[in-house]
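> Pasting a structure below so you can have a look.
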Amino acid sequence: MTLKEHIDDIRNQLKEGAFPTEAAVSFGIVQRLLEPLGWPKFTPQVIIPEYGVEGQRVDFALCHPPGKPLVFVEVKKVGNLDGTEEQLFGYAFRRGVPIAILTDGQKWRFFYPSGQGEYRERKVYELDLIESESAESVDRLTRYLNYKAIQTGEAVKAIEEDYRNASKQREIEARLPEVWNKLLQDQEKNEYLLLAVMEKAKDMVGHEPTEEQVLTFLISLGSEAVSDRKVVTSQVESKSSSSDSESKTSSVDLASNTSSSRSKSKAQRLIVTMPNGKVINHYYAKDTFVEALEKLGLDEVNGIRSQTVSTEPFKNLPNSKYTIRDGFYINLNNGTPEKKRILGIIAKDLGIQLKIEIVEK
């Protein structure tokens, strides 16, 4: 039988409840799978059951060369895995074993004991012989438990690499709320977010929400993300000293940042006073920007700054990033401070005095 055929047969037996004890799991699942994975049953000191570790015993020590454990396998009764990692890690630490496996026959948890953090942070992969596809089960068992891969060192390299990748993903996930809050506090990027959400809401709902509605919603997302991940965030350790303090930021600190971002992320209004004293002061900065350009003359602006006002569509800009007035395309792909700067440059080039202000709404 192939490894896949063994796995398929074991899956069916697991569904029928054929393995009621640890001994049944050890003999009927673990030892059975080791054979198609290439482990020699009759070579002394390669598969050692009940391996002694300072007065205690681990269910299986898989060795290479004979007598030197590279894999510890701790077996539990089906459905009885949780809370048993400490025992397995104690064994692995005492012997410097690079691969530790905790299984109840159905679920297989693969650990890299030399990694950093709590037990769950050193878990590289969890396989479920019932829920997982047979191909996935074959791939993972072969990757970490194939005898030839153990002999060549490829299995240890594989679990170390997968541990590093899993650690990176955990750190990314834990710090995404912090990234989100930083993004909300960046006024220019904040405006891009507002415009994008407002445009999509208008397309889908048929009505444009207010900036206050969108901003409140975005900030609430940041708060919820912090709440959902506060435990993970407080435990993630960064490799560099500079990011270490950031990665250990508590959920309270992040929640505080989210709260303070309400004041830092207030939308801005652009006010333009024309030479004749007319004040252009729309609720949205983009509307003030467009009217000011119209007052200055779209044809004149196009002649000196075609990247802002063009007679041709802007390449690679979505519809939400430009508007059309009298046959001219006006680039809106910029934040309020940039709009102010552009108007200042245009006014100077045209020899016109403009008073341009940015105020909070």
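The numbers here are math on the coordinates, done by the rules we state, and not lab data. Here the structure is a predicted model, which is why all the values come from computation and not from measurement. Glycine also receives a Cβ, built like all others from the backbone with ideal geometry; neighbour counts cover every protein chain displayed.
> So for the pair Ala24, Gln151, with labels modelled 7 Å out along Cα→Cβ, what separation do we get in nm?
Placing both labels 7 Å along Cα→Cβ, they lie 3.5 nm apart.
> Between Glu173 and Ile358, what is the label-to-label distance in nm when each label sits 7 Å out along the Cα-to-Cβ direction?
Result: 3.7 nm between the two label points.
> As an exercise, use a Förster radius of 25 Å and the Cβ-Cβ distance of Tyr283 and Lys348 to find the FRET efficiency, rounded to the nearest 0.05. Working shown, then result.
On the way: r = 27 Å, r/R0 = 1.08.
The computed FRET efficiency comes out at 0.40.
> Let me ask something additional. Taking a label point 7 Å from the Cα of Glu16 along the Cα→Cβ vector, which residues of region 96-111 have an amide N closer than 20 Å to it?
Answer for this model: 105-107.
> A further question follows. Order of Ser134, Ser220, Ser167 from fewest to most other C-beta atoms within 10 Å? Before the final figure, lay out the partial values.
Details: Ser134 14, Ser220 11, Ser167 20.
Listing Ser134, Ser220, Ser167 from fewest to most nearby Cβ atoms yields Ser220, Ser134, Ser167.
> What FRET efficiency comes out for the pair Asp326/Arg164, r = Cβ-Cβ distance, R0 = 51 Å, nearest 0.05?
Working: r = 57 Å, r/R0 = 1.13.
Efficiency at R0 = 51 Å is approximately 0.35.
> Multiply the residue separation of Asp203 and Thr311 by 0.36 nm, subtract the distance between their alpha-carbon atoms, and state the gained length in nm to one decimal. Write down the numbers at each step before the final one.
Numbers: separation 108, 0.36 × 108 = 38.88 nm, distance 2.57 nm.
Using 0.36 nm per residue and subtracting the Cα-Cα distance, I get 36.3 nm.
> Rounded, prolate or oblate: which one fits region 1-110, using the alpha carbon gyration tensor with axes a ≥ b ≥ c (rounded when a/c is under 1.5, else prolate when a/b beats b/c, else oblate)? It would help to have the intermediate numbers written out before the result.
Details: a/c = 2.13, a/b = 1.28, b/c = 1.65.
The shape class here is oblate.
> If I take every Cα pair under 8 Å that is 6 or more residues apart in region 268-360, average their sequence separation and divide by the length, what percent do I get for the relative contact order? Write out the running numbers ahead of the final one.
Working: 127 pairs, mean separation 33.2, N = 93.
The normalised contact order for region 268-360 reaches 36 percent.
> Okay, moving on. With the cut-off at 1.5 for a/c, could you classify region 268-360 from its C-alpha gyration tensor as rounded, prolate or oblate?
Working: a/c = 1.84, a/b = 1.26, b/c = 1.45.
Taking the square roots of the gyration eigenvalues as a ≥ b ≥ c, region 268-360 is oblate.
> Neighbouring Cβ atoms within 10 Å as the yardstick, rank Asp82, Asp326 fewest first. Don't skip to the answer; put the middle values down first.
Numbers: Asp82 10, Asp326 7.
Least to most surrounded, the residues fall as Asp326, Asp82.
> If you don't mind, there's one more thing I want to ask. Magnitude of the Cβ-charge dipole of region 3-152, K/R +1 and D/E -1, about the Cα centre, nearest 20 debye? Numbers along the way, then the final one.
On the way: 19 positive and 22 negative charges, 103 e Å.
Here region 3-152 has a charge dipole of around 500 debye.
> Once you have the Cα-Cα distance between Arg57 and Glu338, take 0.36 nm times their residue separation minus that, and quote the gain in nm to one decimal.
Numbers: separation 281, 0.36 × 281 = 101.16 nm, distance 6.82 nm.
Once the chain is fully extended between Arg57 and Glu338, it gains 94.3 nm.
> Could you put Val75, Val279, Val272 in order, starting from the residue whose Cβ has the fewest other Cβ atoms within 10 Å? Intermediate values should be presented prior to the final figure.
Values: Val75 22, Val279 11, Val272 25.
In order of increasing Cβ crowding within 10 Å: Val279, Val75, Val272.
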